[in-house]
1. Please report, to two decimal places, log10 I(q)/I(0) for segment 92-139 at q = 0.18 Å⁻¹ as given by the Debye formula with identical point scatterers on the Cα atoms and no solvent.
2. Can you give the % of DSSP beta bridges in the chain that are antiparallel, to the nearest 5?
3. Quote the relative contact order of the chain in percent (integer), defining contacts as alpha-carbon pairs under 8 Å separated by 6+ residues.
4. Please name which of 38, 87, 120 has its Cα lying farthest along the dipole of segment 9-131 towards the positive end, using unit charges on Cβ (Lys, Arg +1; Asp, Glu -1) and the Cα centre as origin.
5. Find, among the GluC sites (Glu not before Pro) in segment 32-86, those assigned to loop by DSSP (not H, G, I, E, B) with at most 16 other beta-carbon atoms within 10 angstrom.
6. Ranked from highest to lowest mean number of other Cβ atoms within 10 Å per residue, what is the order of the peptides 74-80, 33-39?
7. Whole number please: convex hull volume per residue, Cα atoms of segment 58-131, in Å³.
8. Once neighbouring chains are kept in place and the probe is 1.4 Å, which whole percent of the accessible area of segment 1-93 is contributed by carbon and sulfur?
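The values are calculated or read from the model by the stated rules, or taken from the named source; none is laboratory data. All figures in this text were calculated on a predicted structure; none of them were measured in a lab. For neighbour counting, all protein chains shown are included, and Cβ atoms are generated from backbone atoms with ideal geometry for every residue, glycine included. Accessible surface is based on the protein model in full, side chains and every heavy atom, while ligands, DNA and RNA are left aside. Shrake-Rupley method; radii C 1.70, N 1.55, O 1.52, S 1.80 Å.
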Amino acid sequence: MIDIEYSLNTGRVIAQKLLSASPLYFGTLTPSNIPDGIAGVYAIFDERSGEVLYIGRTKNLRRRLYTNHLHGPKTNARLKKYLVEDASEENISSMDDAKQYLKKYCYVKYIVEDDTVQRGKIEGLLSYLLDVRYIHEEH
């Protein structure tokens with residue numbers, strides 16, 4: 001049987017842990033300031049509004065944030081793709097525009113989680129709790 005109170009408290013602790021994490025700003029992001037070999041769940045925030053743009057999970061935080069999100073092509077950089085395709089983002093019409101937007105306005109916070117199943121659960125939980133703007137389609 002599910003202990004709802006325990007689950008609610010666990011969800012609250014996870015969200016608070018993420019929100020209290022130190023931000024990594026895309027404008028100053030280098031491979032050396034992202035821990036190597038770390039698996040976890042991350043949230044990308046718009047500094048101006050405080051809105052959570054994207055929640056993701058990864059086996060390798062450094063590769064996902066630096067190589068994929070910041071420097072990756074459309075196939076690997078979902079957030080940049082979403083920004084380019086978002087009609088409300090009138091100033092973003094190319095992947096380079098999206099990259100510059102990330103560097104100018106966005107930061108990431110993350111929590112470490114080694115277990116694949118737990119990462120998936122945490123990603124879903126945080127996507128709901130933090131009302132993420134962009135969620136990739138089911139397949």
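1. Rounded to two decimals, the profile gives -0.80.
2. Details: 15 of 16 bridges.
Beta bridges within the chain, antiparallel portion: roughly 95 percent.
3. Working: 193 pairs, mean separation 47.3, N = 139.
The normalised contact order for the chain reaches 34 percent.
4. The Cα lying farthest towards the positive end belongs to 38.
5. Details: sites: 47, 51, 85; in loops: 47, 51.
Of the GluC sites (Glu not before Pro), the ones in loops of segment 32-86 whose Cβ has at most 16 other Cβ atoms within 10 Å are 47, 51.
6. Numbers: 74-80: 17.3, 33-39: 13.7.
Most protected by this proxy first, the peptides run 74-80, 33-39.
7. Numbers: hull volume 7.7 nm³, N = 74.
Looking at segment 58-131, the number lands at 104 Å³ per residue.
8. Working: 2720 of 5300 Å².
Carbon-and-sulfur percentage of accessible area, whole number: 51.
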